[in-house]
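The values are calculated or read from the model by the stated rules, or taken from the named source; none is laboratory data. Owing to the predicted nature of the structure, the values given are computational and were not obtained by experimental measurement. Glycine gets a Cβ as well: all are built from the backbone with ideal geometry, and neighbour counts include every protein chain shown. Side chains included, ligands, DNA and RNA excluded: accessible areas come from the protein's heavy atoms. Shrake-Rupley method; radii C 1.70, N 1.55, O 1.52, S 1.80 Å.
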Amino acid sequence: MLSITRAACDHAAVTTVFDTLFQAAEVDIREGSHRRDVPPDEGGRWPISIVLSLPDPMRQEVASLMREAEFYAGPGHFMTGHEEAAHITVRAIEPYRAAAAPVDPIAQRCAAAVRRTARATNALTFALTGVTLTSGSVMAQLEPSDQRAWQLMDRMAAELGEDAYYERDDPRDIFYANLIHFAADIRDPAGLIEWSQSRRRIEPVAYRVDTLELVRFHYTENGRDRFMRMSSWCRTPLDA
């Protein structure tokens, strides 16, 4: 992830990061050299993670944007904006383990850390301000209203202690909700780029986000979509 100062209220700084992601992805998408996701495999992506749950109105907007993007992306991709999959990642915990279970000691420790962090954190506000592309995804741009979202990230890392090892060398510096993870050829690369460009800036809509979760991702096919369905191992309101 690109590195910027955590300027939660600096719209220009945040927008620059998303613009840079878009520009870097545009060539890969046009040339068909974009990243392609695969179902989880041992030691790979989609491990147990800590996420912020989306409120229903935000979940519906993300799903609507996902369907718009799908028209150009075509079939075979992971529909990450699906209502059973949409989320804001706070932290991935470890490489993917097929045998991971809620009774694992690391899962129990992480659940306790989630509860402690949630008890010390007030509900957050994020504005959905646009759409961008990366080499592997279509992404909804989110901007926190103040520094409290970053304080949650820092508090979460502190509460996890040694269990925060997995992302220690690659800290997150933007907030987003993925709409699609590419997993196949893109049907209309130029159309997807044009659509995304037309929505790089949209009228901001603010959403109250008030739930922190420890989740497990499950690869799912339901006859129409492929997506990573979430199951919750610990769900706690932000209620400082």
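Numerical summary
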read-out	value
Among the candidates Ala140, Ala127, residue that is touching a helix residue (DSSP H, G or I) at 6+ places or on another chain (Cβ under 7 Å), under 30 Å from Gln23 (Cα atoms) and either surrounded by 23 or more Cβ atoms within 10 Å (Cβ to Cβ) or not polar (S, T, N, Q) (or both)	Ala140
Those residues of the range 161-190 which are assigned to a helix (DSSP H, G or I) and open to solvent by 10 Å² or more (accessible area, probe 1.4 Å), in sequence order	Gly161, Glu162, Asp163, Tyr165, Tyr166, Glu167, Pro189, Ala190
Failed item, numbered, when Tyr96 is tested on (1) hydroxyl-bearing (Ser, Thr, Tyr); (2) touching a Phe, Trp or Tyr at 6+ places or on another chain (Cβ under 6 Å); (3) surrounded by 22 or more Cβ atoms within 10 Å (Cβ to Cβ)	(3)
Count of the range 201-222 residues which are more than 17 Å from the chain's Cα centre (by Cα) and not in a strand (DSSP E or B)	5
Among (1) assigned to a loop (DSSP other than H, G, I, E, B); (2) touching a strand residue (DSSP E or B) at 6+ places or on another chain (Cβ under 7 Å); (3) not hydrophobic (A, V, I, L, M, F, W, C), the one test that Arg45 misses	(2)
Of residues in the range 48-62 being open to solvent by less than 10 Å² (accessible area, probe 1.4 Å) and either acidic (Asp, Glu) or part of a helix (DSSP H, G or I) (or both), the one nearest to Gly130 (Cα to Cα)	Val62
Which numbered condition Ser198 fails, given (1) free of Cβ contacts under 8 Å to residues at least 40 places away in the same chain; (2) crowded, with 22+ Cβ neighbours inside 10 Å; (3) hydroxyl-bearing (Ser, Thr, Tyr)	(2)
Filtered residues of the range 67-103 (kept if among the β-branched types (Val, Ile, Thr) and either assigned to a loop (DSSP other than H, G, I, E, B) or within 15 Å of Pro189 (Cα to Cα) (or both))	Thr80, Ile93, Val103
Residue match in the range 128-140 (condition: touching a strand residue (DSSP E or B) at 6+ places or on another chain (Cβ under 8 Å), aliphatic (A, V, I, L, M), modelled with pLDDT of 95 or more and closer than 21 Å to Arg235 by Cα)	no
Any chance Glu143 is more than 27 Å from Pro40 (Cα to Cα), acidic (Asp, Glu) and not in a loop (DSSP other than H, G, I, E, B)	yes
Total residues in the range 194-240, condition within 21 Å of Ser53 (Cβ to Cβ) and acidic (Asp, Glu)	4
Candidate set: the range 17-39, residues that are acidic (Asp, Glu) and surrounded by fewer than 16 Cβ atoms within 10 Å (Cβ to Cβ); chosen: the one modelled with the lowest pLDDT	Asp19
